[in-house]
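Reviewing the structure listed below.
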């Protein structure tokens, strides 16, 4: 990571409301408050770390507006509306040096079928495969060892990282980002039990990914049994998530790592699923619902719900029940005491 | 998905018991009852969706024998024994156009070691690797970017999708299907703790996959510490499943997504594991057992069991205990009332 | 697996304390006690299988010192301090024939960018990609279809199995082993919610893997938002594990399959995480802690803890609470009996 920004350059990126203190250092790195040293930029993005600010040796610190402490000598504070977003603006600049825009063209080691259509403004990196009838739009980057199946369509300005896979007939709209090893369009898991064997239900649908979707490493999305599996605009999916056939995911959802969504289930817009949550098939999770980590969703969920636990309950009720479960030893003792007072049941706890 | 079938062609595929109504449309797509329009084929595969039939605009609908409603004008009903299986017959036809049988031969961009043996009737697609001593049987298709390790054997009529990996010495029998990114033969996770470090136990066994097995995207099967990890005939494994070293899986099992099976555990035939279930090592799950989603199996399970929860319990008992847990707030209040009536314990709930 | 060892060769590898009985067989395979036959080596590695020893037909058995039974005719017992480790010594010899050390050099089908630096003692196998500015140390083996991103560094004597991926700027120290399909350096999952959309927080840090680390198939490690995600020396990570951005993992940890670790969480040294456990972000798990399978860690954990359950509790307490939960039906009956004796509450269970 090559970083070299003057304090004024940082200021032009983060547009501070207030600037306090000063430093002679050039910013050459970014670090957490506790590990930063001279030349580092740091930030207070989570109130949990507030007590680390006075001890931090960072040269420049991004702080929420109204932060009360003072900078140390040689230290510069920028007060901003949202320190995390402000840092993101700096990182966006760094990102451009980390992943410079590749030159368009098809690498000589890639295999692009004669019947495929690759924009002259797209980049197809080394050892990629683009099958017959597939298309790749302008500004899109297939980094290396990417697979695009027959008749699949990749829109404009997508980034498909190494080893990502898009199978036949699947559709990616614009600015979609697939992390390494992500699979779009594996076969749905559908069988009928006939005469002692699982007879395959062919999976002839596809997967459609709307614009501005990002999908994590190793995540798998199954093609529909027929018609489509769908991911709506702006939704972000983390690593190692399973999305089964005919699932429909709305716009601007957040799906954390290792979630599993069973077949034909629908997420409406703005749903948030915590890590390792599991959803049965054929249910609908209403708009804006938040699901806790490791929760098990076994029924339709009303819009705006906050649920937790397996099987899931409204969040506050689930918290209360867990607290009561932890008091079961006490509870059994109290029951026993009542029984003893009433003449005893003869049962011990 | 190119679809174009006359109603009579559909009839010849699904062999209806009864045909009611008629349509002038050619079937050009398949859709769910609620989203289908003219030219679409639909089906009633799950009683949950029964009320959608009268409102459906599909031109042709596959229905269970004895369905009582009448078709709309221009709509055709086919009554069949199993609408889902009947639809599968249509999809099988569509599948042949989606994935036409590839011509045999080795793509010029593939690397096949001189000591490998590839049938003249097999297809090795672009950028595949077949190491020394490996063999690939007739009718098998290594689609693209597939890896076959030293001495591994792939039987006849297998389909290895892009990015699937079979490491050294592993064996696939016939008609095995590996979804994209599936790994057969990663190293087992075995260490002994010696002098403050985890000393590796070399994993020198292999994985053997019987005929008619299908394995999902991103699923990993570890090679045995010695001898073999085994998957029995006709078993189907979904995406992102972990199968540890020396696991033995019987015939015709169904293993849903994100299940984890620890080392040396045995599944007998016809076991069904719900999504995200976890199994400890060195236990046996008896024939025909059904395990609920997210369940935790920590002991041997008798054949024919239905279990749920972590740690697992018989299904009906688990359901009852969950229901009682949800009544804990009431329960504590009742306990408190009894204590108050008896003179009070001084504890509040 | 080619095996052919005389009993004396086995003895020289396992260094027995005591040798009892004798066999004329050459050891040609390794098998479990119950499935072994003449010519097989077996071992008693887990007391659970003790009763299988007298019935075993193995020609040579590795047993713990002080084992009381006698060998059958034609059977040889070796008593050793640790039968599992002793077996490992034999398997190490077998491993060398399974995966012979490859000749150094770059396969003609690999793509190594002109600005990359590959040691003359490294092996870059077929269809690998090494981007500009990356380096690969002596004795390291990129087996096939491996990706090394711009500026990434791979140390000495590493083994990167087929389809493993190391993205830009990530660092592997020496003797690191990546299983197939493992991803080092996917993008961290970080967004800020702004005006109804999830705005991306660029992830410009890297992943650093210390020496002697092994990482399982399909496991994903996200690059840091800034600075680094870190895995300490000697730690072993199983398959399909998710390690989020800015996680710090100590030395000699064991992380079982399908564990998920959320962002900025720290594991101190010698932590053991059971399969499918999940950890929230921004917490610290103290040195030597053991976490049960499927547990949910939602807070800091003191060093040396043993915890289980979701949300996690001290192990013995969690076991007790689970046992009491299973007695809830009885508990409700006893409550009802007290109520009836006191005049009844009118509620039924």
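Counting only residues that are on the phi < 0 side of the Ramachandran plot, buried (at least 24 other Cβ atoms within 10 Å of the Cβ) and modelled with pLDDT of 95 or more, how many does segment B:226-242 have? Count: 8. Check segment C:102-116 and report whether any residue there is within 27 Å of the chain's Cα centre (by Cα) and either closer than 24 Å to residue B:167 by Cα or more than 14 Å from chain B (Cβ to nearest Cβ) (or both). Yes, segment C:102-116 contains at least one residue that is within 27 Å of the chain's Cα centre (by Cα) and either closer than 24 Å to residue B:167 by Cα or more than 14 Å from chain B (Cβ to nearest Cβ) (or both). A single entry from A:210, A:257, A:244, A:217 fulfils the requirement of being more than 15 Å from residue C:191 (Cβ to Cβ) and under 13 Å from the mean Cα position of the chain (by Cα): A:217.
Could you list all residues from segment C:317-336 that are over 26 Å from residue A:275 (Cα atoms), in a helix (DSSP H, G or I) and more than 7 Å from every other protein chain (Cβ to nearest Cβ)? Result: C:323, C:330, C:333, C:336. Looking across A:50, A:19, one residue alone is more than 12 Å from every other protein chain (Cβ to nearest Cβ), over 24 Å from residue C:208 (Cα atoms) and touching a strand residue (DSSP E or B) at 6+ places or on another chain (Cβ under 9 Å). It is A:19.
Condition check ((1) in contact (Cβ under 8 Å) with a residue 12 or more places away in the chain; (2) in a loop (DSSP other than H, G, I, E, B); (3) more than 12 Å from chain A (Cβ to nearest Cβ)) across all residues:
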{"site": "C:185", "(1), (2), (3)": "yes, no, no"}
{"site": "C:198", "(1), (2), (3)": "no, no, no"}
{"site": "C:203", "(1), (2), (3)": "yes, yes, no"}
{"site": "C:225", "(1), (2), (3)": "yes, yes, no"}
{"site": "C:245", "(1), (2), (3)": "yes, yes, no"}
{"site": "C:258", "(1), (2), (3)": "yes, yes, no"}
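When you scan segment C:280-292, do you find a residue that is within 11 Å of chain B (Cβ to nearest Cβ), buried (at least 19 other Cβ atoms within 10 Å of the Cβ), modelled with pLDDT of 95 or more and under 17 Å from the mean Cα position of the chain (by Cα), even just one? Yes; the residues of segment C:280-292 include at least one that is within 11 Å of chain B (Cβ to nearest Cβ), buried (at least 19 other Cβ atoms within 10 Å of the Cβ), modelled with pLDDT of 95 or more and under 17 Å from the mean Cα position of the chain (by Cα). Could you tell me whether segment C:15-27 includes any residue that is within 20 Å of residue B:224 (Cβ to Cβ) and under 28 Å from the mean Cα position of the chain (by Cα)? For segment C:15-27, residues within 20 Å of residue B:224 (Cβ to Cβ) and under 28 Å from the mean Cα position of the chain (by Cα): absent.
Restricting segment C:261-273 to residues that are surrounded by 24 or more Cβ atoms within 10 Å (Cβ to Cβ) and under 26 Å from residue B:199 (Cα atoms) leaves a set whose member that is farthest from the other protein chains (Cβ to nearest Cβ) is C:267.
Checked against the criterion of being within 14 Å of chain C (Cβ to nearest Cβ) and assigned to a loop (DSSP other than H, G, I, E, B), the candidates A:41, A:33, A:87, A:62 yield just one match: A:33. The set of residues from segment B:2-30 being at negative phi and in a loop (DSSP other than H, G, I, E, B) comprises B:2, B:3, B:4, B:6, B:16, B:17, B:22, B:23, B:24, B:25, B:26, B:28. Filtering C:110, C:88, C:168 for residues that are in contact with a helix residue (DSSP H, G or I) (Cβ under 9 Å, 6 or more places away or on another chain) and surrounded by 17 or more Cβ atoms within 10 Å (Cβ to Cβ) leaves a single hit, C:168. Cβ-Cβ distances below 6 Å connect the following pairs, each with a first residue in segment B:158-177 that is within 14 Å of chain A (Cβ to nearest Cβ) and part of a loop (DSSP other than H, G, I, E, B), a second residue that is surrounded by fewer than 24 Cβ atoms within 10 Å (Cβ to Cβ) and modelled with pLDDT of 95 or more, and a separation of six or more residues or different chains: B:175/B:157; B:175/B:211; B:175/B:212. Count of segment B:243-260 residues, restricted to those that are surrounded by fewer than 24 Cβ atoms within 10 Å (Cβ to Cβ) and either farther than 18 Å from residue B:293 by Cβ or not assigned by TED's automatic domain parsing to the domain that holds residue B:213 (or both), is 4.
The values are calculated or read from the model by the stated rules, or taken from the named source; none is laboratory data. In this text, all values refer to a predicted model and were calculated from it rather than measured experimentally. With ideal geometry, Cβ positions are generated from the backbone for all residues, glycine too; neighbour counts draw on all protein chains shown.
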